[in-house]
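Scroll down for the structure; my scribbles are underneath it.
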Amino acid sequence: MTTSTEQPVDQLLEILSTAGGAVGLGVEDFERRDDGIAIRPAGIVVEIAEPLEGERRWRIGFFYEVASLGAEKSTPRRETLQVAPFDDLIGVAKLALVAASEKMIDRAIDARA
């Protein structure tokens, strides 16, 4: 990991940790990764995406596994919810927290059903 990715990830983690309390997330709910941050209770990942047309961006999404009939192992899948400009850390944090809140609400409703 280079300084060019280390600093924005650290800055985003600080913003998420500060603002996370507004949606019921604490510092322990965020996991720093090499190229992004996982919001563990929601299964949301915010990571630096491959450059698109020369511009770096943030990808907000989640990972899940799909079981196939007859297969011994499930297949990991990745779904992108949003792509955001690299320089807009506040906007990225807002999008990530909204996505995490929606995911946690969906899980709570599904658990109740």
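What are the residues in the stretch 52-75 that are closer than 17 Å to Ala42 by Cα and not hydroxyl-bearing (Ser, Thr, Tyr), if any?
First, pick out the residues of the stretch 52-75 that are closer than 17 Å to Ala42 by Cα: 59-65.
Correct list: Arg59, Ile60, Gly61, Phe62, Phe63, Glu65.
For the structure I just gave you, tell me whether Gly70 is among the small types (Gly, Ala, Ser) and under 12 Å from the mean Cα position of the chain (by Cα).
Criteria not met by Gly70.
Quick one: would you say Arg33 is on the phi < 0 side of the Ramachandran plot and surrounded by 18 or more Cβ atoms within 10 Å (Cβ to Cβ)? Write out each step before concluding.
Values: on the phi < 0 side of the Ramachandran plot: yes; surrounded by 18 or more Cβ atoms within 10 Å (Cβ to Cβ): no.
When the stated conditions are applied, Arg33 does not pass them.
In the stretch 52-61, is there at least one residue being open to solvent by less than 20 Å² (accessible area, probe 1.4 Å) and in contact with a helix residue (DSSP H, G or I) (Cβ under 7 Å, 6 or more places away or on another chain)? Give the derivation first.
First pass over the stretch 52-61, keeping only residues open to solvent by less than 20 Å² (accessible area, probe 1.4 Å): 58-61.
Add one more test, that the residue is in contact with a helix residue (DSSP H, G or I) (Cβ under 7 Å, 6 or more places away or on another chain), and what stays is 58, 60.
Looking through the stretch 52-61, at least one residue is open to solvent by less than 20 Å² (accessible area, probe 1.4 Å) and in contact with a helix residue (DSSP H, G or I) (Cβ under 7 Å, 6 or more places away or on another chain).
Mind checking which residues of the stretch 65-95 are open to solvent by 70 Å² or more (accessible area, probe 1.4 Å), assigned to a strand (DSSP E or B) and either within 21 Å of Gly21 (Cα to Cα) or touching a Ser or Thr at 6+ places or on another chain (Cβ under 9 Å) (or both)?
Glu65
Kindly provide the set of residues from the stretch 96-113 that are of a type in the set (Val, Ile, Thr) and either under 12 Å from the mean Cα position of the chain (by Cα) or outside any helix (DSSP H, G or I) (or both), ordered by number.
Scanning the stretch 96-113 gives a single hit, Val98.
Name the residue, out of Phe86, Phe63, that is without any contact (Cβ under 8 Å) to a residue 40 or more places away in the chain and aromatic (Phe, Trp, Tyr).
Working: Phe86 fails: without any contact (Cβ under 8 Å) to a residue 40 or more places away in the chain.
None of the others qualify; the one that does is Phe63.
Would you please name the residue that is nearest to Arg107 (Cα to Cα), looking only at residues in the stretch 29-62 that are under 9 Å from the mean Cα position of the chain (by Cα) and outside any strand (DSSP E or B)?
Let us first name the residues in the stretch 29-62 that are under 9 Å from the mean Cα position of the chain (by Cα), namely 36-40, 42-47, 59-62.
Add one more test, that the residue is outside any strand (DSSP E or B), and what stays is 40, 42-43.
Numbers: Arg40: 13, Ala42: 9, Gly43: 11 Å.
The qualifying residue nearest to Arg107 (Cα to Cα) is Ala42.
The values are calculated or read from the model by the stated rules, or taken from the named source; none is laboratory data. Owing to the predicted nature of the structure, the values given are computational and were not obtained by experimental measurement. Note: ideal-geometry Cβ built from the backbone for every residue, glycine included; neighbour counts use all protein chains shown. Surface areas here come from the heavy atoms of the whole protein model, side chains and all, with no ligands, DNA or RNA. Shrake-Rupley method; radii C 1.70, N 1.55, O 1.52, S 1.80 Å.
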